[in-house]
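K.L.:
Pasting a structure here, questions to come.
The values are calculated or read from the model by the stated rules, or taken from the named source; none is laboratory data. Predicted model, so just to flag it, every value in this text is computed and none were measured. Here the Cβ is made from the backbone with ideal geometry for all residues, glycine too, and neighbour counts use every protein chain on show.
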Amino acid sequence: MTHKLFYFIILLSSCYSVIAQSHTVQSPSGEIKIEVEVDDVLTYRVFFKGEEIVAKSEIAFSIDNGMTFGKDAKVRSIKTTKISKEIHPVVPRKFNLIKDEYNELQLDFKGGYSLLARAYDEGVAYRWVSDRTGSYTVMDETVTFNFKDDHSIWFPEEKQVYSHQEREYLHLKLSDVTSERFCSTGTLVVLENGIKVYISESDLVDYPGMFLRGSDKNPHALVGKFAGYPLEVLPKGDRNAKVIKHADFLAKTQGKRNFPWRVMVVAANDGDLILSELIYKLATPLQLDDTSWIKPGKVSWDWWNANNIYGVDFKAGINTETYKYYIDFASKYGLEYINLDEGWYQSGDVLNVIDAIDIQALVNYGKTRNVGLILWVTWKELDENLDAILQQFESWGIKGIKVDFMQRDDQWMVNFYHRVAQKAAAKHMLVSYHGAYKPTGMRRAYPNVITREGVMGMEQSKWGFDANPNNDLLLPFIRMVAGPMDYTPGAMKNATKHNFRPIGKEPMSSGTRCHQLAMYVVFESPLQMLADNPSNYHRETECMKFLSEVPTIWDDTKVLDAKLGEYIALARRSGEKWFVGAMTNWTEREMQLNFDFLPEGNYTLKIWQDGVNAHRYAADYKMKKQSVRKGDVLNIHLAPGGGWTAIITKN
């Protein structure tokens, strides 16, 4: 080698080290691209059909030895991977088969860390990976979503990180979101050209959850906010434990590990949001060897309706006779479970059942009628005696637990969710999380985590907030993107916008009867509640013909028509049957449903539709039948806050 060539190589290497390096990965279709730029700081940009939709945004990750992943980064190696595979969910939500196709960019850096960036046809995601050994502390993570313009945002605002994440979606401009304001995720940014960017996270394991706040640097940006590691907790009563002192770091961890995915679902059409399974695809794969015992289904629930049983010869309440009545109802209509909510045990001691309840007798009675029991419990009491409680539940023959009031997503609490999921699975028990943070894909690893709250649901109608049709028509496009939501539908006492009143002991719902029925097709929850009381359902035999037949998991989903916050019409298949659900906000409207999704043949359409007077008496509905074939177009009418639903059976 000549001296000139040697010096030229040295000079070239020196120049290369100071010039920013750009690395890109495109989705399989080529329409979506994420570009990572390595300079003195690490940044990314997102493009859709060549247009920049997320501007240059800084990301970083700092640990306790003073090192910051992404700062003055030196690329050690670059790897790209193309993946095309199929996922067969143990508990389907939208589809019984999910195509998992993406291209991945892996940048390995000097210093023992990597950045993974994936591009799907439905969005992009990135995550940090540490190759370190031993114990270390995560001090902070910089997460930024920069936008060029003052787009609108649907913003579930929080006042504190101690939250059950049941928030109303405020419709704001990005510039309204100052650095003092923050929200839980997911949130939805709507660009002026109609493109939507849904922001959340997936595979949240051993790490705090992400909130989003405004930025001091850019009025059109969102930045990550995290709860610090909990140092001091103030217990209050049987269910609350508020962190009163957080550490100035986020997490204690060790060894080589992955950190959560930062996810951006990109939707050209509103219906694309409804079909997304990106959060699920990015999550940890199945961790259970045996899943044969996991049984989705419908649940008769006591708490919302305040046990307002009537027309019986016993005194209704939290007692054995009342729950036998629930079991008889569930058995008659093919419901798989009943849920005993708050009050079945002495507060402060889960294993101290009240005198009026005989759990073992109820389990035995349910077995004779093919109905299982799910028991409510506060997280705090469960945590204090987890093994003994689950052991007793297993001894009784309990099928699942409803864990409530966590209201945190710091690292400790996130680990609690995983610990309960694992131990409940070992006892063959389902888990429903209430008072919970949003789904982040845990149900893929632990499909016994069958549903969760984290939603402004119908329970809110018992007090101040009216969980009304305007709210209902946002949920499928925002909250439901993350995963199943336990909205708890099924009210048989229905009210118009002007007649609704929050009455805790005799609750009602906003919107029409058919709006409630349509929720069982539109809203996804593999463990779906029937929230009203059996006495009301017994009087509504035509509605029960639908509620007894509608499933809670789906083989296929089609969006027939959808507009964020205004209306939705979905067709879902279970086996050979199709179910259609349509809902509107408070605006009365006409819709056209095209049945081109049907295979060839003749079908019978069994319909439940708003009655002619549903605009003034919300419980008014009409049931009818008609024939339908592939390609037929049906005009339907929805009252204000209305709905429409149907079962399609091949002749």
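K.L.:
Check the range 394-411 and report whether any residue there is surrounded by fewer than 19 Cβ atoms within 10 Å (Cβ to Cβ) and within 15 Å of Glu336 (Cβ to Cβ). Show your work before the answer.
P.N.:
Going through the range 394-411, the residues surrounded by fewer than 19 Cβ atoms within 10 Å (Cβ to Cβ) turn out to be 394-397.
With the extra rule that they be within 15 Å of Glu336 (Cβ to Cβ), the set shrinks to 397.
Yes; the residues of the range 394-411 include at least one that is surrounded by fewer than 19 Cβ atoms within 10 Å (Cβ to Cβ) and within 15 Å of Glu336 (Cβ to Cβ).
Residue-by-condition table, conditions (1) surrounded by 14 or more Cβ atoms within 10 Å (Cβ to Cβ); (2) touching a Lys or Arg at 6+ places or on another chain (Cβ under 9 Å):
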| site | (1), (2) |
| --- | --- |
| Leu174 | yes, no |
| Thr178 | no, yes |
| Cys183 | yes, yes |
| Ile199 | yes, yes |
| Leu212 | yes, yes |
| Ser215 | yes, no |
| Trp261 | yes, yes |
| Ala267 | yes, yes |
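K.L.:
In addition: What number goes with the only condition from (1) surrounded by fewer than 17 Cβ atoms within 10 Å (Cβ to Cβ); (2) in contact with a Lys or Arg (Cβ under 8 Å, 6 or more places away or on another chain); (3) over 24 Å from Tyr433 (Cα atoms); (4) of a type outside the set (Lys, Arg) that Asn536 does not pass?
P.N.:
Among (1) surrounded by fewer than 17 Cβ atoms within 10 Å (Cβ to Cβ); (2) in contact with a Lys or Arg (Cβ under 8 Å, 6 or more places away or on another chain); (3) over 24 Å from Tyr433 (Cα atoms); (4) of a type outside the set (Lys, Arg), the lone unmet condition for Asn536 is (1).
K.L.:
Exactly one of (1) outside any strand (DSSP E or B); (2) within 11 Å of the chain's Cα centre (by Cα); (3) among the β-branched types (Val, Ile, Thr) is unmet by Thr488. Its number?
P.N.:
(2)
K.L.:
Just one of (1) outside any strand (DSSP E or B); (2) modelled with pLDDT of 95 or more; (3) in contact with a strand residue (DSSP E or B) (Cβ under 7 Å, 6 or more places away or on another chain) trips up Asp238, so point out which.
P.N.:
(2)
K.L.:
Pick out, from the range 391-480, the strands (runs of 3 or more DSSP E) lying fully within it that include 1 or more residues that are acidic (Asp, Glu) and in contact (Cβ under 8 Å) with a residue 24 or more places away in the chain. Don't jump to the end; show me each part of the working.
P.N.:
On the way: elements: 400-404, 430-433, 449-452.
Per the criteria, 400-404.
K.L.:
To continue, here is another question. Would you check which residues across the range 18-38 are outside any strand (DSSP E or B) and surrounded by fewer than 17 Cβ atoms within 10 Å (Cβ to Cβ) and list them?
P.N.:
Val18, Ile19, Ala20, Pro28, Ser29, Gly30, Glu31
K.L.:
Give me the residue from the range 449-508 that is at pLDDT 95 or above and of a type in the set (Ser, Thr, Tyr) and, out of that set, farthest from Asn613 (Cα to Cα).
P.N.:
Result: Thr451.
This table checks each residue for (1) part of a strand (DSSP E or B); (2) crowded, with 17+ Cβ neighbours inside 10 Å; (3) within 30 Å of the chain's Cα centre (by Cα); (4) modelled with pLDDT of 95 or more.
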| position | (1), (2), (3), (4) |
| --- | --- |
| Val54 | yes, yes, yes, yes |
| Ser57 | yes, yes, yes, yes |
| Ala60 | yes, yes, yes, yes |
| Ala73 | no, yes, no, yes |
| Lys82 | yes, no, yes, yes |
| Pro89 | no, yes, yes, yes |
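K.L.:
What do you reckon, is Lys94 modelled with pLDDT of 95 or more, in a strand (DSSP E or B) and either of a type outside the set (Asp, Glu) or closer than 30 Å to Val580 by Cα (or both)?
P.N.:
Details: modelled with pLDDT of 95 or more: yes; in a strand (DSSP E or B): no; either of a type outside the set (Asp, Glu) or closer than 30 Å to Val580 by Cα (or both): yes.
No.
K.L.:
Pick out the one residue from Asp610, Asp596 that is farther than 23 Å from Leu473 by Cβ and either of a type in the set (Asp, Glu) or without any contact (Cβ under 8 Å) to a residue 24 or more places away in the chain (or both). Steps first, answer last, please.
P.N.:
Values: Asp610 fails: farther than 23 Å from Leu473 by Cβ.
Asp596 is the lone residue from the list that is farther than 23 Å from Leu473 by Cβ and either of a type in the set (Asp, Glu) or without any contact (Cβ under 8 Å) to a residue 24 or more places away in the chain (or both).
K.L.:
Could you tell me whether Val205 is of a type in the set (A, V, I, L, M, F, W, C), under 19 Å from Arg262 (Cα atoms), in a loop (DSSP other than H, G, I, E, B) and under 18 Å from the mean Cα position of the chain (by Cα)?
P.N.:
Numbers: of a type in the set (A, V, I, L, M, F, W, C): yes; under 19 Å from Arg262 (Cα atoms): yes; in a loop (DSSP other than H, G, I, E, B): yes; under 18 Å from the mean Cα position of the chain (by Cα): yes.
In short, yes.
K.L.:
Consider only pairs whose beta carbons are under 7 Å apart and that are at least six residues apart or on different chains; among these, list those whose first residue lies in the range 329-343 and is modelled with pLDDT under 95 and assigned to a helix (DSSP H, G or I) and whose second residue is among the polar types (S, T, N, Q) and surrounded by 18 or more Cβ atoms within 10 Å (Cβ to Cβ).
P.N.:
So the pair list comes out empty.
K.L.:
To continue, here is another question. Within the range 146-176, track down each residue that is within 21 Å of the chain's Cα centre (by Cα) and part of a strand (DSSP E or B).
P.N.:
Ile153, Trp154, Phe155, Pro156, Glu157, Glu158, Tyr169, Leu170, His171
Each row is one residue, and each column tells you yes or no for (1) among the charged types (D, E, K, R); (2) closer than 29 Å to Trp463 by Cα.
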site	(1), (2)
Leu172	no, yes
Thr187	no, yes
Glu201	yes, no
Pro219	no, no
Lys225	yes, no
Ala251	no, no
Lys256	yes, no
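K.L.:
Which residues, taken from the range 344-372, are without any contact (Cβ under 8 Å) to a residue 40 or more places away in the chain, assigned to a helix (DSSP H, G or I) and either surrounded by fewer than 19 Cβ atoms within 10 Å (Cβ to Cβ) or basic (Lys, Arg) (or both)?
P.N.:
Gln360, Asn364, Lys367, Thr368 - these are the residues of the range 344-372 that are without any contact (Cβ under 8 Å) to a residue 40 or more places away in the chain, assigned to a helix (DSSP H, G or I) and either surrounded by fewer than 19 Cβ atoms within 10 Å (Cβ to Cβ) or basic (Lys, Arg) (or both).
K.L.:
Exactly one condition in (1) farther than 20 Å from Lys298 by Cα; (2) aromatic (Phe, Trp, Tyr); (3) touching a residue at least 60 places away in the same chain (Cβ under 8 Å) is false for Tyr520; which is it?
P.N.:
(1)
K.L.:
Being touching a strand residue (DSSP E or B) at 6+ places or on another chain (Cβ under 6 Å) and not acidic (Asp, Glu) is the filter; apply it to the range 201-210 and report the residue that is surrounded by the most Cβ atoms within 10 Å (Cβ to Cβ).
P.N.:
The extreme case among them is Pro208.
K.L.:
Kindly indicate the residue of the range 289-328 that is polar (S, T, N, Q) and in a helix (DSSP H, G or I) and also surrounded by the fewest Cβ atoms within 10 Å (Cβ to Cβ) among those meeting that condition.
P.N.:
The first filter runs over the range 289-328 and keeps only residues polar (S, T, N, Q), leaving 291-292, 300, 305, 307-308, 319-320, 322.
Next, only the ones that are in a helix (DSSP H, G or I) stay: 320, 322.
Numbers: Thr320: 15, Thr322: 22.
That would be Thr320.
K.L.:
Test Ile274 against the stated conditions and say whether it is more than 27 Å from Asn370 (Cβ to Cβ), at pLDDT 95 or above and outside any strand (DSSP E or B). Lay out the reasoning, then the answer.
P.N.:
Values: more than 27 Å from Asn370 (Cβ to Cβ): yes; at pLDDT 95 or above: yes; outside any strand (DSSP E or B): yes.
Spelling it out, Ile274 is indeed more than 27 Å from Asn370 (Cβ to Cβ), at pLDDT 95 or above and outside any strand (DSSP E or B).
K.L.:
Leu222: in a strand (DSSP E or B), crowded, with 18+ Cβ neighbours inside 10 Å, assigned by TED's automatic domain parsing to the domain that holds Tyr126 and not hydroxyl-bearing (Ser, Thr, Tyr), yes or no? I'd like the intermediate steps shown before the answer.
P.N.:
Values: in a strand (DSSP E or B): yes; crowded, with 18+ Cβ neighbours inside 10 Å: yes; assigned by TED's automatic domain parsing to the domain that holds Tyr126: yes; not hydroxyl-bearing (Ser, Thr, Tyr): yes.
Yes; evaluated as a whole, the condition is true for this residue.
K.L.:
Check the range 43-51 and report whether any residue there is of a type in the set (Val, Ile, Thr), without any contact (Cβ under 8 Å) to a residue 60 or more places away in the chain and in contact with a Lys or Arg (Cβ under 6 Å, 6 or more places away or on another chain). Even if it seems obvious, please write down each step before you answer.
P.N.:
Taking the range 43-51 and keeping what is of a type in the set (Val, Ile, Thr), we get 43, 46.
This time we only want the ones that are without any contact (Cβ under 8 Å) to a residue 60 or more places away in the chain, so: 43.
If we keep only those that are in contact with a Lys or Arg (Cβ under 6 Å, 6 or more places away or on another chain) too, we end up with 43.
Checked the range 43-51: at least one residue is of a type in the set (Val, Ile, Thr), without any contact (Cβ under 8 Å) to a residue 60 or more places away in the chain and in contact with a Lys or Arg (Cβ under 6 Å, 6 or more places away or on another chain).
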